[in-house]
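Notes for the one structure printed next.
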Amino acid sequence: MASLPGPCSRPSPRTATPASPTSEPPVTVMRIAAGQPLTVAVSAALSGEQRAVGGDTAAAAEMAVADYGNSLQGHPLRVLQKDDGCSDPEMAAAVAHDIVGDSSVAGVIGPGCTTGAQAADSLYEEADIVHISPTVTRSELSAQQERFFFRTAWRDDMQSRIQATYSRETVNASTAAIVDDGEPYGKSLADAFVSEFETMGGQIVSHERAERANVDLTSLAGRLASANPDVIVFEGLNPEAALLLKELNKASFQGTFIAPDAALNVRDFVMNAGDAANGAIVSAGPVPDDAFNNRFRGRTQRVPATAFVLQTYDAVTLLLRAVDSVASTEADGSLVIDREALADAIRSRAYSGLTGTIRFDANGDRSGESPEELGLKLYRVVAGRFQSLP
């Protein structure tokens, strides 16, 4: 597949044949008058419990637009930030209505959370507006085969596949015990791991549950250690991941412990688990390097609170490069963008980004077989720090 042109190799503006004064443009075509801004909309949680993630999303979008040069084919670029409330479906739908009503919007980065996306995505589809999620990982979100939906985030079932592949091929595990926390995130990951591990020829010897807010996991850890599996996979959030690992260490479990992206947190996982964390394997997306963090800090006076800044940066840059490849300029200086052609351009090209090589399948999900292509990495805790595995 051909790579999307980068900011330094943008296609030259094409001159379109002026439309007849009596002709009506197709619904999918947007026009931006000469000198007027082209907008990238961000739908994210800018208030409430998830405001750190939403704030990072908005800041990373601004950073990507600035790095692109703040303009596209002679039109200034602007970022429109909208607070979608994360898990508030009515708020996310209201934001979608506002964005759809803005004819300068080339595409949407978001919504930020699964519930909001489920409420808003159909509105973007009806308006033929590309919407790219950098943060939502729930597998079924892409099951509707929407033409204008994409995500630079990984998919939960792909995370489980990476865990199962590591267990079978690197650890050479023939048996595994699985624990989830009873929440949709953990249950979804656990079910997918069981399916993948068994398909690869492994045996699940136990499937347990560590309910949220259950701080006494001693008996559970004892049962798991007694079963003596090659790997124990916990699918859920902190503090349960750290608490279970501590108890498994006390129960003298000698196998491999694997946890999902929610555990990629030094304070909540590594520090809570203490010495027991060393050797644990965590699957997650790539994390910002020092160079990115320094540039982000230069713009915001803080470092990112979440690694999803990379998926956001890639989403914005990918969108702008695709717009550059399909946009044309009329004789009066208007920028013309066919929304269907834009979606096709995003789906048909490969993009080398901060989170790896991005290609999209028919559902708008990242495609490929390697962890990098799927937007994932594996980490091992070594001396209290997360160390990326090759």
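Some points to look at:
- Screening Asp332, Asp261 for residues that are over 29 Å from His75 (Cβ atoms), acidic (Asp, Glu) and in contact (Cβ under 8 Å) with a residue 40 or more places away in the chain leaves exactly one candidate, Asp261.
- Scanning segment 371-390 for residues that are surrounded by fewer than 21 Cβ atoms within 10 Å (Cβ to Cβ), in a loop (DSSP other than H, G, I, E, B) and in contact with a strand residue (DSSP E or B) (Cβ under 8 Å, 6 or more places away or on another chain) yields Glu372, Glu373, Leu389.
- Residue within segment 349-358 that is assigned to a helix (DSSP H, G or I), surrounded by fewer than 22 Cβ atoms within 10 Å (Cβ to Cβ) and over 18 Å from the mean Cα position of the chain (by Cα) present: no
- Answer residue from segment 35-72, given it is in contact with a Cys (Cβ under 7 Å, 6 or more places away or on another chain) and open to solvent by 10 Å² or more (accessible area, probe 1.4 Å) and is farthest from Ile129 (Cα to Cα) among those: Gly48
- Selected residue (only one of Gly182, Gly186 is part of a helix (DSSP H, G or I), modelled with pLDDT under 95 and over 20 Å from Gly364 (Cα atoms)): Gly186
- Test for Asp121: is it among the acidic types (Asp, Glu) and open to solvent by 10 Å² or more (accessible area, probe 1.4 Å): no
- All of (1) under 30 Å from Glu49 (Cβ atoms); (2) in contact with a strand residue (DSSP E or B) (Cβ under 7 Å, 6 or more places away or on another chain); (3) of a type in the set (Asp, Glu); (4) open to solvent by 10 Å² or more (accessible area, probe 1.4 Å) hold for Asp338 with one exception: (1).
- Qualifying residue in segment 260-274 (condition: buried (at least 17 other Cβ atoms within 10 Å of the Cβ), touching a Phe, Trp or Tyr at 6+ places or on another chain (Cβ under 6 Å) and closer than 23 Å to Asn238 by Cβ): yes
The values are calculated or read from the model by the stated rules, or taken from the named source; none is laboratory data. Since the model is a prediction, treat every value here as computed from it, not as a measurement. Positions of Cβ are backbone-derived with ideal geometry, glycine not excepted, and every protein chain shown enters the neighbour counts. Just the protein is used for accessible areas: all its heavy atoms, side chains included, with ligands, DNA and RNA removed. Shrake-Rupley method; radii C 1.70, N 1.55, O 1.52, S 1.80 Å.
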